[in-house]
Amino acid sequence: MTHVIVGAGQAGDRAAEALRAAGFAGEVVLLGGEEHRPYERPPLSKEYLQGAADLDAVHVHPAEWYGEQDVALRTGSVVAAIDRDAAEVVLADGEHIAYERLLLATGSSARRLPVPGAELDGVLYLRTLDDSDRLRTAILSASRVAVIGAGWIGLEVAAAARLAGAEVTVLEAAEQPLLAALGPEIGAVFGELHREHGVDLRLGVQVAEIVGEGGVARGVRLADGGLVDADVVLVGIGAAPNVGLAEAAGLEIEDGVVVDERLRTSDPRIHAAGDIAAIWYPALGRRLRVEHWATAQYSGPAAARAMLDDPATYDQLPYFFTDQYDLGMEYTGHAGPGDADQLVVRGDLASREFVAFWLRSGRLLAGMNVNVWDVTEDIDRLIRAGVPLDADRLADPGVPLADL
């Protein structure tokens, strides 16, 4: 019996680990398109990019682990198609691999910038380990870095570039950084953080083109005619799920590969995990596709258990974190644009030590702790409780969250 995992990222790797931990004695084949063995992505824009962590700290497992666990890791193996009738995956070189169960964990790709000059040398993206290596080398030799997009990746790269001594300009179309994720009031906190660290943050601007000289990027021209000089241009405008393989196989797609509470796709022999999985979250009462470390960390093993016909369901809430300069943050739950009708803050925004809560009809949707620690479990429990909360008590640091 063979279980095949397509995608040798964190979700796929953790699924392979979980299969062996659960006692599965059949063949486990882990197929990755990159030449690297599985690695975690958060360090690529944080400590690895800054040079504070080495390559060993990025990889999920040591190289010898795969042999010790009898996991057939095949890097540089691109899957071209899924033959559902034959229960096989077809590699780009024509090889067919049969599966009893199949897990798709194909991740996401950085969205490309659709403007003239985007193909110039010096225009970089950040999604893979190779991307991070290129960006780190470029930042260390650059005097001026332009970052297009003030989302999580853009701001983390801006922080890394400032720490490396470069002049940094961040260009964002919205009125505040992280507007869709956090709203205007909390987004402004991150804007002020970066301005305090010397970042030229320009909001409400549109990029018209990347200008270059001799095939190399030399700056960014804005729609109003302004020019931002730069030796390096980092584009951080989001990521798109790699659902092409699943879509071509006829699986149900809705902003991702639709899965049930056991991470099964519309084909019960095929599961999906990580960035591509549109998962039903009972505690939130909605289906979401979440592109964060915790989703890969926990949905991969959950899918593995389901591949072994374990009836347990996926029950993790969305979670992510960031580190920028002296700010550390954790976010639990989900509150998209328009979801919340009330924002409650416990603590002080100005000192950047607070917990923010997004509520709808008094019920907690999401909580974010900034430089305040050991509260994520309480936030998780408050979200799951699904009961109206007293906003005054929620805002009062003297009332333990556990008491709510």
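Each value in this text was obtained by applying a stated rule to the coordinates, not by laboratory testing. Predicted model, so just to flag it, every value in this text is computed and none were measured. Please note: Cβ atoms are built from the backbone with ideal geometry, for glycine as well, and neighbour counts cover all protein chains shown.
A few remarks follow.
- Projecting the Cα atoms of Val290, Met1, Met329 onto the dipole axis of the chain, where Lys and Arg carry +1 and Asp and Glu carry -1 at the beta carbon, places Val290 farthest toward the positive end.
- Ranked Tyr325, Tyr331, criterion: other C-beta atoms within 10 Å, fewest first: Tyr325, Tyr331
- Scalar couplings 3J(HN,Hα) for segment 87-101, obtained by applying the Karplus form with A = 6.51, B = -1.76, C = 1.60 to θ = phi - 60°, are 6, 9, 9, 10, 7, 4, 8, x, 5, 10, 10, 7, 9, 8, 10 Hz; x denotes Gly and Pro.
- Rounded to the nearest 20 debye, the dipole size of segment 33-102 about its Cα centre is 280 debye, using +1 on the Cβ of Lys and Arg and -1 on the Cβ of Asp and Glu.
- Ordering of 160-166, 381-387 by burial proxy (mean other Cβ atoms within 10 Å per residue, highest first): 160-166, 381-387
- Within a Gaussian network of the chain (alpha carbon springs, distance under 10 Å), most fluctuating of Thr128, Thr137, Thr322: Thr137
- Dipole of the chain, positive direction: furthest Cα of Ala248, Leu129, Val58, with charges on the beta-carbon: Ala248
- In plain terms, the residue of Glu88, Glu196 with the fewest other Cβ atoms within 10 Å comes first and the most crowded comes last, giving Glu196, Glu88.
- Span-rule helices in the chain, defined as complete DSSP H runs reaching 24 Å or more along the axis (Cα) with Kyte mean at least -1.0: none
- Only the Cβ atoms of Lys and Arg (+1) and of Asp and Glu (-1) were treated as charged; on that basis the dipole of the chain about its Cα centre amounts to roughly 480 debye.
- Neighbour counting of Cβ atoms within 10 Å sorts the residues Phe24, Phe357, fewest neighbours leading, into Phe24, Phe357.
- Placing +1 on the Cβ of every Lys and Arg and -1 on the Cβ of every Asp and Glu, with no other charges, gives segment 326-403 a dipole of roughly 280 debye about its Cα centre.
- Ordering 368-379, 62-73, 29-40 by mean Cβ neighbour count within 10 Å, with the highest value first, yields 29-40, 368-379, 62-73.
- Bridge type composition, segment 73-198 - antiparallel percent by DSSP, nearest 5: 60
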